[in-house]
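Below is one structure, written out as structure tokens, with a few remarks after it.
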Amino acid sequence: MSAPEAQVAVTVSVFVQRFSATRRGARLARRLAAHRLHLWGMPYGGPASDAVTLVVAELAANAVLHGRVPGRDFELRLRYDRAAGVVRVEVSDTHPGRPERPGPAAPGRPLDAEGGRGLLIVAAVAARWGVGERLGPGKTVWAEYEVPPAADGGGAGCPARSR
């Protein structure tokens, strides 16, 4: 009889869900992301949970407002790599248009305009973000948030950023 093999600890957790490309779907994506983060040890209202939930809210809102194709859903994927201390948020939609990198305000656009700041917020909160291909039509907009060591289970700490 051979000795039992040692089990390797699971350090990566994944959550994937499709949502209707509506405001209600975007709100549900944000709420379920906050719940999943809580289950993964990032309590509601903590800096890590709030930051990642904000990124989910902005990317889901963009998928609904700019990436909506009638009759098609958008997909949210959260991936938490505990060993690396990174939460990756991916929002995929079927619209072929790609978001532009945020830059200075467009000429003639008022500084207090209601829209146009979502990706600026994502860029400010996330360590990295970008746009990639997806299987099938459309694109995936992703962002990575570096979880401070104290935030994993304790909820304390500030976002660690690297560019």
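Relative protection proxy for 41-49, 65-73, from highest mean packing down: 41-49, 65-73 (other beta-carbon atoms within 10 angstrom).
Label sites at residue 15 and residue 133, each approximated as a point 7 angstrom past Cα along Cα to Cβ, lie 3.0 nm apart. Using the Cβ-Cβ distance between residue 121 and residue 83 with R0 = 30 Å, the FRET efficiency computed as 1/(1 + (r/R0)^6) comes to roughly 0.60.
Coordinate-derived values only; no laboratory data. Being a predicted model, the structure only gives us computed values, none of them experimental. Counting neighbours? That spans all protein chains shown, and the Cβs are built from the backbone with ideal geometry, glycine included.
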